[in-house]
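Colleague: Sharing a structure, written as C-alpha cells. Questions coming.
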Amino acid sequence: MIQSKSRFLEAAKGAKPYKVNGVLMQGQEFRTFTNMFGYKEISCLLNWKDGKLDTDWDADPVIPAVQMSDGHTEYWKDGKLHNDHKDDDGNLMPAVITDNWETTEYWVDGTRVFPKAEEQK
C-alpha cells in the first residue's frame, strides 16, 4: 500500500459514489471532523461531482476537492487523486498539500508520480 498524507484516499478506494437521500452528491459540502483523540474539531469543505470527490477545475480560482481548516488541501478528478496542472515554470502542481506546505504529493489519475513510494523516507 502506498503511504500518503491524503486524508480521503483510503475511504475513496473501492467506494461507491456518495449519495444523500438516494441522489448522487453534487457541489460543496461542509463537514466538521473530530480528531482521533476526540478533542479537536477540524472543518472541511468537500467538493462533489456525481457522488465522487472532484476539484472544480472550471472555477477561477480552481476549487480543490478537499479544503480543511488546518490548511490541508487535496485535488481530485472523478474520485481519484489528480492534478496535472502546471505552474508558471512548467512544473507539475501537487495533488496533496499538507503540513504547511512541508509535504506535497503529486498524483495523476490516481497514480502517485512523485515522490514515489520507494523514494519515501
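Colleague: Please give the Cα centre distance for the stretch 60-121 versus the stretch 16-53, rounded to the nearest Å.
Modeller: Using only Cα atoms to place each centre, the spacing works out to 19 Å.
Colleague: Do the sum for the chain: with -39,500 (n - 2.57) for every DSSP H run of n ≥ 4, divided by all residues, what is the mean residue ellipticity at 222 nm, to the nearest 500 deg cm²/dmol?
Modeller: Mean residue ellipticity at 222 nm (helix-derived): -500 deg cm²/dmol.
Colleague: Picking from PRO64, CYS44, THR98, whose Cα lies most toward the positive end of the charge dipole for the chain (charges on Cβ: Lys, Arg +1; Asp, Glu -1)?
Modeller: Value computed over the given set: CYS44.
Colleague: Something else about it: Please compute the contact order of the stretch 26-78 in relative form: average sequence separation of alpha-carbon pairs under 8 Å and at least six residues apart, divided by the residue count, as a percent.
Modeller: 29 percent
Colleague: How high is the FRET efficiency from ASP78 to GLU29, r the C-beta distance, R0 22 Å, rounded to 0.05?
Modeller: FRET efficiency, ASP78 to GLU29: 0.80.
Colleague: Run the numbers for LYS40 and VAL20: contour at 0.36 nm per residue of separation, minus the present Cα-Cα distance, in nm.
Modeller: Extra length from LYS40 to VAL20 when fully extended: 4.6 nm.
Colleague: With every protein chain left in place, what is the accessible area per residue of the chain in square angstrom, probe 1.4 Å?
Modeller: Per-residue value: 66 Å².
Colleague: Rounded, prolate or oblate: which fits the stretch 15-121, taking a ≥ b ≥ c as square roots of the Cα gyration tensor eigenvalues, rounded meaning a/c under 1.5, else prolate when a/b beats b/c?
Modeller: oblate
Colleague: Still on this structure, please answer the following. Please report the carbon-and-sulfur percent of the accessible area for the chain; probe 1.4 Å, protein heavy atoms only, DNA, RNA and ligands left out.
Modeller: The computed percentage sits at 50.
Colleague: Amide H to amide H under 5 Å from TYR106: which residues, 5+ apart in sequence or cross-chain, H placed 1.01 Å off N in plane?
Modeller: Long-range HN contacts for TYR106: ALA95, VAL113, PHE114.
The values are calculated or read from the model by the stated rules, or taken from the named source; none is laboratory data. Since the structure is predicted, the reported quantities are computational estimates derived from the model, not experimental observations. Glycine also receives a Cβ, built like all others from the backbone with ideal geometry; neighbour counts cover every protein chain displayed. Please note that ligands, DNA and RNA were not included when accessible areas were found on the heavy atoms of the full protein model with its side chains. Shrake-Rupley method; radii C 1.70, N 1.55, O 1.52, S 1.80 Å.
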